[in-house]
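Colleague: Got a structure for you, questions after.
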Amino acid sequence: MANSMRYSYSIVLLSLLVIILGALITSSEAQDPSQLSLDYYLKTCPKAQEIVRAEMECAVREDPRNAAKIIRLHFHDCFVQGCDGSVLLDDTATLIGEKQADQNVNSLKGFEVVDKIKEKLEAECPGIVSCADLVAIAARDATILVGGPYWDVPVGRMDSKTASLEAANTDIPAPQQGLVTLISKFWAKGLSATDMVALVGSHTIGVSRCVNFRDRIYGDFELTTNNDPSSAAYLSKLKETCPQDGGDDNISPMDYITPTTFDNAFFETLIKGEGLLNSDQEMYSSMLGYQTADLVTKWWADTGSFFKQFSDSMVKMGNITNPDGGEVRKNCRFVNT
Ligand code: HEM
């Protein structure tokens, strides 16, 4: 009897050990945001930050919209499998990338800027700096270069060996969606409504294509602006850019007040009811949006407080890691062979 008890104990103990060991092994492969650190490349590629910054300076000088392109690229990367560079992968015979996803196709840009930065990084320290980190650092630099805040970017992300077109189609928010759906999409990524409003504040730069705001300008635009005459003039300009038929790819800035400066004027457009995207205006005008409307009002009145929350929320979004870990890609468009 005593022997059989001892035997059962040993079996239980052994099984426990196997489970603990198994968990340890998976956790050593898996990525956990607490593994990101500020000095990850300090010894292996001390010039990494400097290189990204110099390239971003060139890119933004060439075209200020490059700042907007890179910030959006980081967002669309982080919302699918975590910030793992999956959005950068090209379609190949064996891999279906995310570039054809509804919110990306003919819309997401900046891939050439990433290629250029990666080339420089590979020349300086081959195989060290991941594409996911490159984009996270570049998004921070993009923000500063057009007048926005600085924040320290935790690094040490791995690049994925996979992508998910399906997750890109379901998880990335769309401009036609209502406030509740938008909030739930951010919640699903561990981000609050406050994070969402702050991050959407990056629509202070960049543009939208007519196809994404046609319903809004031929729909409830006048309602949210209360038929204000100056808004009426803005509306007719928008209708010129974006006719009812055709011109899908014609563009208009999302913050017409200061389209290439990262500031809080975007929130002013929402307060005036002039948000270009339906999803943007929802933050202020939705019947369910008293909390989000308060944030819009607060950050319109206080740039410092918007900048602080934006920085914190960018770090939080950047900390969404891919639990599967991965590699450091040599070319951001392809997994290593
Ligand atoms: C409520 C969620 C969001 C929706 C529905 C949304 C939707 C859009 C749409 C429709 C465009 C224009 C794309 C086109 O017409 O081709 C756009 C552009 C942009 N979005 Fe968002 N967005 C959201 C959140 C965010 C977040 C969280 C960020 C960054 C942290 C961001 C950054 C940008 C930037 C910078 C642009 C301009 C890109 C350019 O000029 O190339 N957006 N967004």
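Colleague: Where q = 0.06, 0.15 Å⁻¹, what log10 of I(q)/I(0) comes from the Debye formula for the chain, counting one point per Cα?
Modeller: Values, matching the q order: -0.25, -1.25.
Colleague: Give me the extension gain from Asn226 to Ile271: residue separation times 0.36 nm, minus the current Cα-Cα distance, reported in nm with one decimal. Show your work: numbers first, answer last.
Modeller: On the way: separation 45, 0.36 × 45 = 16.20 nm, distance 1.13 nm.
So the chain would gain 15.1 nm between Asn226 and Ile271.
Colleague: To continue, here is another question. What spacing in nm lies between the two simple spin-label points modelled at Asn169 and Tyr150, each 7 Å away from Cα in the Cβ direction?
Modeller: Once both label points are built, they end up 4.4 nm from each other.
Colleague: For region 57-88, list residues with backbone N below 18 Å from a point placed 7 Å from the Cα of Gln177 toward its Cβ?
Modeller: 72-83, 87
Colleague: Given points 7 Å out from each Cα along the Cα-Cβ axis, report the Glu112 to Ile96 separation in nanometres with one decimal.
Modeller: With each label placed 7 Å out from Cα toward Cβ, I get 2.9 nm.
Colleague: I've got another one for you. Isolated Cys in the chain by the 4.7 Å beta carbon test?
Modeller: Unpaired cysteines in the chain: Cys58.
Colleague: Taking the solvent-accessible surface of protein heavy atoms with a 1.4 Å probe, what is the per residue accessible area of region 30-174 in Å²? Display every interim value, and only then the final one.
Modeller: Values: 5920 Å² over 145 residues.
With all protein chains present, region 30-174 gives 41 Å² per residue.
Colleague: Mind giving me the FRET efficiency for Glu57 and Ile128? R0 is 25 Å, r the Cβ-Cβ distance, nearest 0.05 is fine.
Modeller: Working: r = 22 Å, r/R0 = 0.87.
According to the calculation, E is roughly 0.70.
Colleague: If each DSSP helix of 4+ residues adds -39,500 (n - 2.57) and the sum is divided by the residues in the chain, what number results at 222 nm, nearest 500 deg cm²/dmol?
Modeller: Working: 15 runs with 179 residues, N = 337.
Taken over the chain, the calculation gives -16500 deg cm²/dmol.
Colleague: Another one. Using mean Cβ contacts within 10 Å as the protection proxy, how do 117-130, 259-272 order, highest first? If you can, show how the numbers build up before the last one.
Modeller: Working: 117-130: 18.4, 259-272: 21.1.
With the highest mean Cβ count within 10 Å placed first, the list reads 259-272, 117-130.
Colleague: Leaving out ligands and nucleic acids, and using a 1.4 Å probe, what accessible area per residue does region 190-317 come to in Å²? Display every interim value, and only then the final one.
Modeller: On the way: 5500 Å² over 128 residues.
It amounts to 43 Å² per residue over region 190-317.
Colleague: Suppose each label sits 7 Å from its Cα in the direction of the beta carbon; what would the Lys298-Asn331 distance come out to in nanometres?
Modeller: It works out to 4.7 nm between the two label points.
Colleague: Any idea what diffusion coefficient region 205-279 gets from Stokes-Einstein, in µm²/s, Kirkwood Rh on alpha carbon pairs, 25 °C, 0.890 mPa s? Before the final figure, lay out the partial values.
Modeller: Values: Rh = 12.3 Å.
Calculated translational D: 200 µm²/s.
Colleague: For Ser184 and Tyr290, calculate 0.36 nm times their separation in residues minus their Cα-Cα distance, and state this gained length in nm to one decimal.
Modeller: Numbers: separation 106, 0.36 × 106 = 38.16 nm, distance 1.62 nm.
Length gained between Ser184 and Tyr290: 36.5 nm.
Colleague: Counting only other residues whose beta carbon sits under 14 Å from that of Ile217, what net charge do I get with K and R as +1, D and E as -1?
Modeller: Numbers: positive: Arg209, Arg214, Arg216, Lys237, Lys239; negative: Asp215, Asp220, Glu222, Glu240, Asp245, Asp248, Glu274, Asp280.
For residues surrounding Ile217, the net value is -3.
Colleague: How much net charge surrounds Glu268 when only other residues with a Cβ under 14 Å from its Cβ are counted (Lys, Arg +1; Asp, Glu -1)?
Modeller: Values: positive: Lys272, Lys298; negative: Asp228, Asp255, Asp263, Glu274, Asp280, Asp302.
So the surrounding residues net to -4.
The values are calculated or read from the model by the stated rules, or taken from the named source; none is laboratory data. The structure displayed is predicted, hence computed values, not measured ones. Here the Cβ is made from the backbone with ideal geometry for all residues, glycine too, and neighbour counts use every protein chain on show. Note: areas computed on protein heavy atoms with side chains; ligands, DNA, RNA excluded. Shrake-Rupley method; radii C 1.70, N 1.55, O 1.52, S 1.80 Å.
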